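Reviewing the structure listed below.
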Amino acid sequence: MIRTTSAVLAVLSRLAIALSLVIATVGGVGLVKVLGGPTRAAVAAPPPRVDPEPAPVSPGSAAPPVDEPTPQVEPGVDPVRQWADRVATVVDIPARAVVSYVNADLAMREHQPSCRISWATLAGIGRIESDHGRYGGRFLREDGRPSSPIVGVPLDGTPGVRLIPDTDGGALDGDPQHDRAVGPMQFIPGTWRKWATDGNGDGKGDPQNLDDAAMAAARYLCSDGRDMSTGPGWWAAVMSYNSSVEYGQKVFALAETYAAAGNRRR
């Protein structure tokens, strides 16, 4: 996406305004704070299969277009939510989920700008992992949590399933024998322990909360100094999340669709 220098400066200026308003009005949404001490979750069904049309690209050859969220500021209105409401009218993402992904994007622009992660990539992963917290007839609540906890199948080494013995005493997944992926972004408990993040400023890191999970996913994807605006950087990040070319192509296709939708709503 080619922009003039003045257009780029205008986008950055609007992002800075949006970020300052979000921090001021939502009590620190998106600020990175590593935490522990999650609560026990009930066991639910495994995450869904999602089969969008794979993007016609080879791994490492490209990155999805970057949509720079530019909410219009109106007094007394959360600019991110206002923009998310508009995006949700053209793509099948709950507006509350868009808020989580965009806040993680904005926070990373402040704390790790060299990564250049986009909300659309986080949304692509969230769609595949849990349909944005709606798997199995659930809905995403206004507090950023699914209507009931999302917990995957036991990672017990059965055909097609990794073997991961329990690492958290069942605190996150309710299973004291094997780990299970948890929450809208499907973190394995051991991985969550390393990347647990408070994304909504409530003092807790909860993998069932999409604000926290999207922020943790962004930090995880941006690790090792990755630049996700490049093809190799983007593919390395997504392959670290799930080492499957098919998975990466599905995320790419979804991210491309979401970024285009975001551009249409400006």
*Given charges at Cβ of Lys, Arg, Asp, Glu: the range 102-177 dipole, positive-most of Ala120, Ile164, Gly152*: Ala120
*First select every other residue whose beta carbon is under 11 angstrom from the beta carbon of Asp92; then total the charges, Lys and Arg +1, Asp and Glu -1.*
+1
*What shape does the range 81-172 have by the C-alpha gyration tensor, where a ≥ b ≥ c are the square roots of the eigenvalues, rounded means a/c under 1.5, and otherwise prolate means a/b greater than b/c and oblate the rest?*
prolate
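Every number in this text was worked out from the coordinates using simple rules, so none of it is lab data. These numbers were taken from a predicted model, which means no experiment stands behind them. Positions of Cβ are generated from backbone atoms using ideal geometry, with glycine treated the same way; all protein chains shown enter the neighbour counts.
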